[in-house]
Amino acid sequence: MHGQAGSIRPVPRAWSRYVAIGDSFTEGMSDPDPATPDAYVGWADRLAGLLAPHADGFSYANLAVRGRTLTDVVGPQLDAALALGPDLVSIVGGGNDILRPRADIDDLAARLDTAVARIRATGADVLMATPTDPAGAPIIGRTRGRAAAYIAHIWSIAQRHGCYVLNQWACDFLKDWRMWAQDRIHMTPEGHHRVALTAYVALGHSADEADWRSPLPPQAPASAAETVRGHARWAREYAAPWAHRRLTGRSSGDRVVAKRPQLDPVVVPGTTLPPVADTREP
């Protein structure tokens, strides 16, 4: 099994055709693209920018779409990804399925295993990712047991097929709410930036930024009134619309298509990031 930072360090490779598949996490939601209105950057785009200098002719595609369940990720997305002939595929899915109380974790894992086996049969390498630890998060905090079981399957699949693993559960910096957008589900640009560096290290590289794992500077605790207002705003602007979509069988990605459907060269982004917002919400 390819190692994760903190265990045996894998030997990095010069991948030249990277394709990312998944849901809103890999699409990059809440990490706005300053060059394109209503578009997002995200950890996978940032990882592509880190990998690009290691290979001549590097190209990258991102087929991830918000709201997608594992059925779409291991179905149409995977078919389209393999048609591009990648030598590295990141596959992250199942998070939207786990939100459902009756999710069959063993079935999700079996389908993920089959998908990973398909990718590895082509000779391409695979980067998987564990969910983050949802402890303390509204709504998704109740999925912690299901997420933990799914993580055990992910590590088993990785060991069986020789995959790299981005271990978000171990990312202590994600326990800081300033790494999360106001919807409390998607990461801020700083969160995506740090996750990209974590993935880069999981692929065997060394990150130059010495402090990327360090906690953010302390902030004054929010007052009780600020906390109540924050919870009310979140319930009104995010939780209620999400619940309504669930009840009506709709998804936030119903009219969304992949942002990078073809392998294209990567413009390596600069290192300047938007400042981390001080939301002062728990």
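Structure values in brief
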| item | result |
| --- | --- |
| Scan of the stretch 117-143 for residues that are touching a helix residue (DSSP H, G or I) at 6+ places or on another chain (Cβ under 8 Å), of a type outside the set (A, V, I, L, M) and modelled with pLDDT of 90 or more, ordered by number | R118, R120, T122, T130, P131 |
| Wholly within the stretch 22-132, strands (runs of 3 or more DSSP E) carrying at least 3 residues that are in contact with an Asp or Glu (Cβ under 9 Å, 6 or more places away or on another chain) and not β-branched (V, I, T) | 59-62 |
| Filter result for D87 (surrounded by fewer than 22 Cβ atoms within 10 Å (Cβ to Cβ), in contact (Cβ under 8 Å) with a residue 40 or more places away in the chain, touching a strand residue (DSSP E or B) at 6+ places or on another chain (Cβ under 7 Å) and closer than 25 Å to R194 by Cα) | yes |
| Residue identified as acidic (D, E) and in contact (Cβ under 8 Å) with a residue 40 or more places away in the chain among D56, D38, D33 | D56 |
| Output for the stretch 169-192, where each listed residue is in a helix (DSSP H, G or I) and either acidic (D, E) or modelled with pLDDT of 95 or more (or both) | D172, E190 |
| Which numbered condition P53 misses (of (1) within 16 Å of A199 (Cβ to Cβ); (2) surrounded by 24 or more Cβ atoms within 10 Å (Cβ to Cβ)) | (2) |
| Odd one out for L78 among (1) surrounded by fewer than 18 Cβ atoms within 10 Å (Cβ to Cβ); (2) within 20 Å of the chain's Cα centre (by Cα) | (1) |
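One line per residue, one yes/no per condition, for (1) modelled with pLDDT of 95 or more; (2) among the hydroxyl-bearing types (S, T, Y):
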| site | (1), (2) |
| --- | --- |
| S90 | yes, yes |
| I98 | no, no |
| R111 | yes, no |
| G145 | no, no |
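Residues checked against (1) closer than 16 Å to V73 by Cβ; (2) surrounded by 14 or more Cβ atoms within 10 Å (Cβ to Cβ); (3) out of contact with any Phe, Trp or Tyr (no Cβ under 9 Å at 6 or more places or on another chain):
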{"residue": "R111", "(1), (2), (3)": "yes, yes, yes"}
{"residue": "G123", "(1), (2), (3)": "no, no, yes"}
{"residue": "A135", "(1), (2), (3)": "no, no, yes"}
{"residue": "A148", "(1), (2), (3)": "no, yes, no"}
{"residue": "I151", "(1), (2), (3)": "no, yes, no"}
{"residue": "A158", "(1), (2), (3)": "no, yes, no"}
{"residue": "C163", "(1), (2), (3)": "yes, yes, yes"}
{"residue": "W169", "(1), (2), (3)": "no, yes, yes"}
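The values are calculated or read from the model by the stated rules, or taken from the named source; none is laboratory data. Since the model is a prediction, treat every value here as computed from it, not as a measurement. Please note: Cβ atoms are built from the backbone with ideal geometry, for glycine as well, and neighbour counts cover all protein chains shown.
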